[in-house]
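These notes are about the structure you will find just below.
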Amino acid sequence: MSKLVCSAQASYASPVISTRTLLVYLALFSGAGIVLATSLAIGSVDFAWSELWASVRTEGLARDLVLQLRLPRALTAFAAGGILAVAGVLMQVLLRNPLADPFVMGVSGGAAVAALGAMMMGLGGLAIDGAATVGALIATLLVFSLAHSEGSWSPVRLLLTGVVIAAGSSAVVSMLLALGDDTRLRGMLFWLMGDLSLRSRPGFLLVTLLVAVIVSFPLGRHLNLLARGELQARTLGAPVKLLRIGIFVVSSVLTATVVTTAGTIGFVGLVTPHMIRMLLGSDHRLVLPASAVLGGTLVMLADLCARVLFAPRQLPVGALTALAGVPLFLMLMRRQVR
């Protein structure tokens, strides 16, 4: 019992803001600023660092290029990456599985099926976003209903049900791509692999990211207990059932928000929490904000590479995050086995 009391005190005590923590946060924000500035300076027209600020202050084509094209796209990438990272942290706590990913629960699969169906019917814009949102919610409800057993949702049942729903959705997506019109096939594929080229209004995603971090931060104490085990969390008075339902709903909604806006951008929610835990430990009051910053920076960097590596052609952002995420995923698996 004394160990449980010590665990509760450690989980509910204020997070320790050490010099290392401050340095890590300073490095994260500095890295995000550098990547953002580089995204504004590099593209079809390159600006020297000394010319970047002048181009923003002066009316003309350069100002429109930076403020109306590059800045909204970079901020959208940052918000999408940050949201996926927060969803990844929540999902790994929920399933108590360090290799859990926001897309493992079939949310992105349901959104993809509905969005591709809307594309095949010739719809566009808000209709595709609305269809993807409905598809994500249907997939979430389906996972909830199928995984429910004896009044509870066990992590194993949730994980297996999500994997099955994701596999079924992937099969339906393959059929839709095979039956789709050739003229729409490229757009459908880019949407599936993550496409930020048509997003010019990052406000909604940025507000969603800010709200997710603010709301999740007070719950960090309960997340610390839940990560130690359901039985221990119940013993220490954490509302386990309500907390698990809330985590699943919030992480699903966050994932669906990114999928409907930017398509499927994988591996960010998987590797980012692990990288932050290696630097800051397992206190989720520190892990959540840091993961949001690092996840946003990684997707911004991937979007920058997608724009400039094979310019004027653009690569799908999700393909680059997957290429970088696969070796990191294998390293994490090897570390878990050890």
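The values are calculated or read from the model by the stated rules, or taken from the named source; none is laboratory data. Keep in mind it's a predicted model, so treat the numbers as computed, not measured. Positions of Cβ are backbone-derived with ideal geometry, glycine not excepted, and every protein chain shown enters the neighbour counts.
When you scan the range 241-256, how many residues do you find that are farther than 18 Å from residue 162 by Cα and buried (at least 18 other Cβ atoms within 10 Å of the Cβ)?
Here is the first cut: in the range 241-256, the residues farther than 18 Å from residue 162 by Cα are 241-243.
Restricting the remaining residues to those that are buried (at least 18 other Cβ atoms within 10 Å of the Cβ) gives 243.
Summing the residues that are farther than 18 Å from residue 162 by Cα and buried (at least 18 other Cβ atoms within 10 Å of the Cβ) in the range 241-256 gives 1.
Step by step: first the residues of the range 92-107, then only those that are hydrophobic (A, V, I, L, M, F, W, C) and under 15 Å from residue 136 (Cα atoms), then the one that is surrounded by the most Cβ atoms within 10 Å (Cβ to Cβ). Which residue is that? By that ranking, first place goes to 107.
For the residues 299, 258, 308, 326, the requirement of being out of contact with any Leu (no Cβ under 9 Å at 6 or more places or on another chain), closer than 27 Å to residue 110 by Cβ and not charged (D, E, K, R) singles out 326. Elements of the type helices (runs of 4 or more DSSP H) sitting completely within the range 32-95 and holding at least 3 residues that are more than 20 Å from residue 196 (Cβ to Cβ), modelled with pLDDT under 70 and not basic (Lys, Arg): these cover 49-57.
In the condition set (1) modelled with pLDDT of 85 or more; (2) under 28 Å from residue 222 (Cβ atoms); (3) more than 16 Å from the chain's Cα centre (by Cα); (4) not aromatic (Phe, Trp, Tyr), residue 282 is compliant with all but (1). Of the candidates 177, 206, 223, the single residue that is in contact with a His (Cβ under 8 Å, 6 or more places away or on another chain), at pLDDT 80 or above and either among the hydrophobic types (A, V, I, L, M, F, W, C) or in a helix (DSSP H, G or I) (or both) is 223.
Out of the range 272-287, which residues are surrounded by fewer than 24 Cβ atoms within 10 Å (Cβ to Cβ) and assigned to a helix (DSSP H, G or I)? Walk me through it before giving the result.
Step one: filter the range 272-287 for residues surrounded by fewer than 24 Cβ atoms within 10 Å (Cβ to Cβ), giving 274-275, 277-283, 285-286.
Result: 274, 275, 277, 278, 279, 280, 285, 286.
Taking the range 232-256 as the range and being small (Gly, Ala, Ser) and either part of a loop (DSSP other than H, G, I, E, B) or modelled with pLDDT under 75 (or both) as the test, the residues that pass are 233, 237, 238. Each residue in the range 231-258 was checked for being touching a Pro at 6+ places or on another chain (Cβ under 9 Å) and β-branched (Val, Ile, Thr), and 2 pass. Please go through the range 170-210 and pick out each residue that is more than 24 Å from residue 106 (Cβ to Cβ) and β-branched (Val, Ile, Thr). Matches in the range 170-210: 183, 207. In the range 147-164, of all residues being over 19 Å from the mean Cα position of the chain (by Cα) and at pLDDT 80 or above, the one that is surrounded by the most Cβ atoms within 10 Å (Cβ to Cβ) corresponds to 161.
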